[in-house]
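Asks: Quick one: this structure, given as structure tokens, is what I'll be asking you about.
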């Protein structure tokens with residue numbers, strides 16, 4: 001079998017590439033997905049009448065085309081929501097982002113943050129060596145120690161000293177010194193961050209977008225696993241059969257893809273320089289409707305999780321009336337089991353997120369093997385070398401995992417469009 005374009009992985013990027021190829025009149029492609037259903041981490045599931053995503057998956061749309069595309073795909077099945085997010089640290093509940101809401105801290109901690117910020121602002125700026133330097137220069141030591149260090153250590157599974165700061169961009173809001181100082185006495189007058197507002201399907205969870213993209217795609221093949229790729233011969237092994245191609249698009253996790261390459265020892269070796277974190281997700285439902293929120297960050301070391309989201313808060317159709325559903329994100333190294341479950345529920349009760357009298361209707365675990373590509377000191381060079389070498393061989397890598405980067409869903413949709421335009 002031969003196709004003009006072989007696309008590996010029917011996550012959001014792969015689906016978008018295939019969708020836009022067909023819109024441009026090109027059906028000479030095959031989109032291979034090893035799972036039973038398309039979508040990757042953007043797929044959704046129905047459990048006992050509740051809709052769950054695979055952890056929090058929200059649509060942050062910032063471009064005209066991104067908004068136009070999503071609205072075209074979902075039509076009236078779309079909600080626009082305002083972020084309701086907090087940080088729970090010690091006895092404080094601080095609106096997100098922490099660094100722009102110092103007013104919510106106790107007087108002693110608030111004063112320390114102000115003094116630390118002024119000290120940082122008085123220093124001559126230097127090129128930050130790592131993420132810790134970037135935080136200290138941007139916010140001062142107390143903000144770093146209260147939130148930035150403990151939270152990011154949980155999230156990335158390593159010290160901020162081991163992380164570069166080239167991922168921060170839109171993901172870590174950086175108010176001006178004056179804005180942070182003003183937040184010590186009153187709430188900010190504006191919202192910070194790329195996720196202040198977001199979109200979410202009214203019904204079907206995040207997977208509704210996946211289904212809308214996948215509908216009527218002629219070249220989509222699920223339960224089709226790639227095991228080997230030969231870039232010189234332009235062939236791949238899919239379910240034990242050989243297929244040839246003119247162009248290859250990879251959206252699979254970059255280290256995994258590099259290990260599939262036949263006769264590319266130097267490229268395969270680059271995979272060893274790429275590290276990632278995994279996430280363990282505890283999902284559960286209770287027999288009471290809680291006060292709505294979006295998500296909450298937990299930097300404190302005694303809390304086993306680092307973020308909790310209210311799945312039923314994104315849409316009234318995610319849970320039956322009078323109930324609530326949650327997702328709890330923990331480091332992937334956390335052991336599953338009753339002991340961890342008890343620690344999670346006890347911490348949520350202690351913080352007032354659920355009540356001791358609430359009945360847990362059901363619960364289940366999910367493991368996301370690839371969650372975050374770790375931005376350590378080896379990542380940038382290894383990714384650049386791999387992507388440049390692959391491009392010379394006619395292979396395009398795209399998406400959060402194909403390019404081994406930190407991004408959001410709109411970026412995946414737009415990269416699919418960009419790929420289709422290049423391929424056509």
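No value in this document is a laboratory result; all are computed from the given coordinates. This one's a predicted model, so the numbers in the text were calculated from it and none came from an experiment. Here the Cβ positions follow ideal geometry from the backbone for every residue, glycine too, while neighbour counts run over all protein chains shown.
Asks: Using 1/(1 + (r/R0)^6) with R0 = 25 angstrom and r between the beta carbons of residue 178 and residue 91, what's the FRET efficiency to the nearest 0.05?
Replies: Values: r = 28 Å, r/R0 = 1.13.
E(calc), rounded to 0.05, equals 0.35.
Asks: Can you work out the FRET efficiency for the pair residue 246 and residue 171, with r the C-beta to C-beta distance and R0 = 30 Å, to the nearest 0.05?
Replies: The pair residue 246/residue 171 has a calculated efficiency of 0.25.
Asks: For residue 291 and residue 389, compute 0.36 nm times the residue count separating them, minus their Cα-Cα distance, and round to one decimal in nm.
Replies: 30.1 nm
Asks: Sticking with this one: How do 280-287, 61-68 rank on mean C-beta neighbours within 10 Å, highest first?
Replies: Final packing ranking: 280-287, 61-68.
Asks: Arranged by the count of other C-beta atoms within 10 angstrom, fewest first, what order do 365, 134, 404 take? Working shown, then result.
Replies: Details: 365 15, 134 22, 404 27.
Ordered by Cβ neighbours within 10 Å, fewest first: 365, 134, 404.
Asks: Hey, what D do you get for region 317-424 in µm²/s if you plug the Kirkwood alpha-carbon radius into Stokes-Einstein at 25 °C and 0.890 mPa s?
Replies: Calculated translational D: 136 µm²/s.
Asks: Another question about this same structure. Which of the peptides 166-177, 43-54, 330-341 is most tightly packed, and how do the rest follow, going by the mean number of other Cβ atoms within 10 Å of each residue?
Replies: Answer by packing, highest mean first, reads 43-54, 166-177, 330-341.
Asks: Also, quick follow-up: Please compute the alpha carbon radius of gyration of region 1-74, then divide it by the globular-protein estimate 2.2 N^0.38 Å. Two decimals is fine.
Replies: Rounded to two decimals, the normalised Rg is 1.29.
Asks: Given region 276-373, what whole percent of its Cα pairs are spread farther than 15 Å?
Replies: 60
Asks: If I stretch the segment between residue 82 and residue 301 completely, what's the gain in nm (0.36 nm per residue apart, minus their alpha carbon distance), one decimal?
Replies: 76.0 nm
Asks: To continue, here is another question. Report the label-to-label distance for residue 378 and residue 338 in nanometres (one decimal), using points 7 Å from each Cα along the Cα→Cβ vector.
Replies: 4.1
Asks: Follow-up. Under a point spin-label approximation (7 Å from Cα along Cα-to-Cβ), what is the residue 28-residue 197 distance to one decimal in nm?
Replies: For residue 28 paired with residue 197, the spin-label model returns 4.3 nm.
Asks: With springs only between Cα atoms under 10 Å, which of 325, 244, 16 fluctuates most in a Gaussian network model of the chain?
Replies: Maximum among the listed residues: 244.
Asks: If you count the DSSP beta bridges with both ends in the chain, what percent of them are antiparallel, to the nearest 5?
Replies: Of all bridge pairs located within the chain, approximately 70 percent are antiparallel.
Asks: Could I ask something else about it? Report the Cα-based extents of region 85-194 along its three principal axes, largest first, to the nearest Å.
Replies: Principal extents (largest minus smallest coordinate, Cα): 33, 30, 27 Å.
Asks: May I ask for the Kirkwood hydrodynamic radius of the chain, worked out over all distinct Cα pairs and given in angstroms to one decimal?
Replies: Details: mean 1/r = 0.0435 Å⁻¹.
Answer for the chain: a Kirkwood hydrodynamic radius of 23.0 Å.
Asks: If r is the Cβ-Cβ distance from residue 133 to residue 262 and R0 is 45 Å, what FRET efficiency results, to the nearest 0.05? Before the final figure, lay out the partial values.
Replies: Details: r = 42 Å, r/R0 = 0.93.
That gives a FRET efficiency of 0.60.
Asks: Subtracting the Cα-Cα distance from 0.36 nm times the residue separation, let me have the gained length for residue 118 to residue 273 in nm, one decimal.
Replies: 52.0 nm
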